[in-house]
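Here is the structure we will look at, set down as structure tokens.
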DNA sequence: TGCCAGGCCCTCTTTAGGGCCTT
């Protein structure tokens, strides 16, 4: 099985750009071990700025909820402990990585571990999906959902189920004996046209 | 006041542009 642990995470934020002043408002994450969810983490955090109506409607997170939430530093200190020592995964990881690194920097911490992106892998494994948005992929693969969308823990859990599904499909379709984290990272970078050849080659090497 | 991203990926590409994804 996946003989490694992975923290699958998702941020809700005030907008798209930490460099443009946007902040995290919620972190949700699950810990995968042997391709199963074994732990969960969730926290709102007070960004000390108002969220606009688009964000409140998109996430359901209101300014009132954030006013009574823990500070970003308190929440991020706890999350830093939760993620310590594990590989990281997110859907469209470049987005979550920017916010994670920006919020860690504010508490004088630095991410040590690698990231992998479930969206880049899904584009390669499921080229025929109607789109590669998380919500669409969850329906396409008939994955379990809570019915909640655009909240950090719910989205992290859906991303985790997508990740589990991709690992299982690699094993079944290509007879992989194991699917190391590094393989998923490599796969995310392989030119799309070269993916089948790449996967057959790796499977043969494992043979 | 007004500003407002960035990485990937395709194509009628590379001296570029636009759609997809994330909030």
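Read-outs throughout are calculated quantities, based only on the coordinates presented, and are distinct from any laboratory measurement. Since the structure is predicted, the reported quantities are computational estimates derived from the model, not experimental observations. Cβ sites come from the backbone with ideal geometry, for glycine too, and all protein chains shown count toward neighbours.
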- Query: Given Cα pairs under 8 Å that are at least 6 residues apart, what percent is the relative contact order of the stretch A:5-206?
  - Reply: 22
- Query: What list do you get for A:23, A:177 if you sort them by fewest beta carbons within 10 Å?
  - Reply: A:177, A:23
- Measuring from the longest principal axis of the C-alpha atoms of chain A, the long axis of helix A:93-106 (C-alpha) lies at a number of degrees, nearest 10, equal to 40
- Message: Given a Förster distance of 35 Å, report the FRET efficiency between residue A:73 and residue A:136 from their Cβ-Cβ distance, rounded to the nearest 0.05.
- Response: 0.50
- Item | Crossing angle, helix A:152-174 versus chain A [Cα axis fit, 0-90 degrees, rounded to tens] | 10
- Query: Against the longest alpha carbon principal axis of chain A, how many degrees, from 0 to 90 and to the nearest 10, is the axis of helix A:195-206 turned?
  - Reply: 70
- At residue A:198 and residue A:106, where each label point lies 7 Å from the Cα along Cα→Cβ, what is the point-to-point distance in nanometres? 3.5
- Would you give the gap between the C-alpha center of the stretch A:131-207 and the C-alpha center of the stretch A:47-63, rounded to a whole Å? 31
- Task: For n ≥ 4 DSSP H runs only, could you compute -39500 (n - 2.57) per run for chain A, divide by its residues and tell me the 222 nm figure to the nearest 500?
- Result: -13500 deg cm²/dmol
- Set the Förster radius R0 to 35 Å, insert the Cβ-Cβ distance between residue A:92 and residue A:168 as r into 1/(1 + (r/R0)^6), and round the FRET efficiency to 0.05. 0.95
- Task: Take peptides A:118-127, A:196-205 and line them up by average Cβ neighbours within 10 Å, highest first, as a rough protection proxy.
- Result: A:118-127, A:196-205
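Output the antiparallel fraction of DSSP beta bridges having both residues in chain A, as a percent to the nearest 5.
Antiparallel bridges make up about 70 percent of those DSSP assigns within chain A.
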